[in-house]
Amino acid sequence: MLRMEIALFFVLAFVAYVFFSAGGKNTLLHRTFSALLITMLVHLVFDAATIYSVNHLDTVPVFINDALHRLFIGTMVLVVYLFYQYIAILVEEESGKPRNLDTFAKVFLAAAEFGVLVLPVHYAVTRDGNYSDGIHASVCYITMAFYLFFCVWLLLHSWKLIDPKKKFAIGAALVIEVIVSLLQAINPTWLISGMGLTLMTMSFYLTLENPDILRAELTEQKMSMLYLKSQVNPHFLYNTLDTIRIQAQLNGDKKVADLLMQLVDFFRLSVKVDQPMVTLDDEMALLEAYMLLMCYRYPELHCEYDIDPDLGGVQVPNFILQPIVENSVLHGMKNKGYRGEIRIAARKTAEDRMEILVCDTGSGFSGEKKSVIDQMLQSYAKQPAKLEGNSIGILNVQKRIKLLCGREYGLWYTENPTGGVTAHILLPGKETGK
C-alpha cells in the first residue's frame, strides 16, 4: 500500500507542475484548485507516513503515531472541504446562485478539525494489517458524508443550469469518492482513501483545469476575434468611405484629411490581434477614433468620456469596447435617427476592480430582447461560436472577458429610467505587475 501512496504523490506532483507552470488565471476557482492540489500533496505525504507507522506499532512511538494520524485526518478534512468549495464556486458561476451553504461548511470544518486535535486515537491490529479506528477515525467518514451530501445537493439543485461537461466532471468525481469510501468502510485494511481523493482531483484537472483545454478555448476566442475584426461591419466601412468621398467632392477642406487620419488610426489600432490584453488607454484610443468617424457620419450623435486617469494603465481584453459601442449606435440609435448621446465612463470599484459603463439615450430594448440578451450572456459558455448575427460582438466580448479575466467578471445590461440602455463591463482594476 505504501508504494501506491508514493506513486499517487508523484503523479499528482507532475500534475501540479504542469498546472502551475501553465500560469492560469488568478480567479477564485483557479486559486481554490491550486490550494486543493497543494493540500492533496501534503495529505499524501501524511497518508504514506501513517501507513508505515500504523504497521510498525512496535517500533514507532505512540505519540508519533498519534501525531501523524491527526495530521493525516486533519489534511483529509481540509481536502474534502476544498472539494466542496471548488464545486460550490463552479456551480455558482454556472447558475448565478449564491453559495448559501458556505457558513455551515466552514462551521463544520472548524468543528471537525477541533475533533481531530482532541479526540483519542485508537488502533486496530488484525492479521491483514493495522489501521486506526474508533471515534477519531470516524471523523473521516462523517466529514466525507457531510460534504458529499452538500455537493450532491448543489449539483441537483442547479442541474439544468450547469454545462454538461461540468456536470459530468462533478458527477464522476462524486461517484468515484462514494465508491472508494464504501470500499474503505467495508475493508478498513485496504487504506485506499488517498486513491479516491487523488482520482477526484484528477477528474477535475482532466476535464476542467487542463491547460491544453484552456489554450484551446483561447484559440477559439482569438479566431472569433480575428473574424470579427476582419468584418468590422462592412456597412460602416463602406458608408464612411462614401462620406469621405462626398465631402472631398464638395470642398477640399482639412476635415477630409482628419477623417482619413481617424480611419487609418482605427484600423492601425484594431489589428493588434496577437495581443489578448492591452491597456485601457490603447482601447480608448481605438474607440475614440471609431466614434469620431461615427459622429461625423451622424452629426446629431454626440459622445462623452469620463475616464478615471488612474485607470489608463490597467490591462483589459483587446477589442471589447468598440463592439459594445457599435451595438449602441447601430441598434440603440437607429430608431431615433441616430440622434442622441453615448457616454463612456470608467471608474474604480471595491476590491481592486474597475467598471466601464457605456450608456446611450437610444430607444432601448424592444419586447423580450432584454431577457434574450440576459440569457445569452449568462449562458455564454453554452453558446456556440457565432460568425454572424447581431449578437456576435457582445457574445464574443463576454466569452473573452470570462476567459482572460475570470468568471467573476463580465458584461451585463440595464435599462435607463430616462430611456436607452447601459452596458456594464466589470474587469480587474490592477495594473500589470502591481
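Annotations for the structure displayed:
- Calculated over the range 44-155, the projected area of the Cα convex hull averaged across directions stands at 7.6 nm².
- The gain in end-to-end length when the Thr103 to Ala35 segment is fully stretched comes to 22.6 nm, 0.36 nm per residue minus the alpha carbon separation.
- Segment Met4-Thr414, length gained on full extension (0.36 nm per residue, minus Cα span): 142.1 nm
- Scoring 153-165, 185-197, 84-96 by mean Cβ neighbours within 10 Å over their residues and listing the highest first yields 84-96, 185-197, 153-165.
- Ordered by 1.4 Å accessible area with all protein chains kept, Arg343, Arg297 run largest first as Arg343, Arg297.
- Calculated FRET value between Gln247 and Val11, using beta carbons and R₀ = 56 Å, to 0.05: 0.25
- Projecting the Cα atoms of Leu426, Ile342, Ser366 onto the charge dipole of the range 288-434 (Cβ charges, centred on the Cα centre) puts Ser366 farthest toward the positive pole.
- With all projection directions averaged, the alpha carbon convex hull of the range 69-215 covers 9.3 nm².
The values are calculated or read from the model by the stated rules, or taken from the named source; none is laboratory data. Fair warning: this is a prediction, and the values are worked out from it, not measured in the lab. Cβ coordinates were reconstructed from backbone atoms using ideal geometry, including for glycine residues, and neighbour counts include every protein chain displayed. Only protein heavy atoms, including side chains, enter the accessible area calculation; ligands, DNA and RNA are left aside. Shrake-Rupley method; radii C 1.70, N 1.55, O 1.52, S 1.80 Å.
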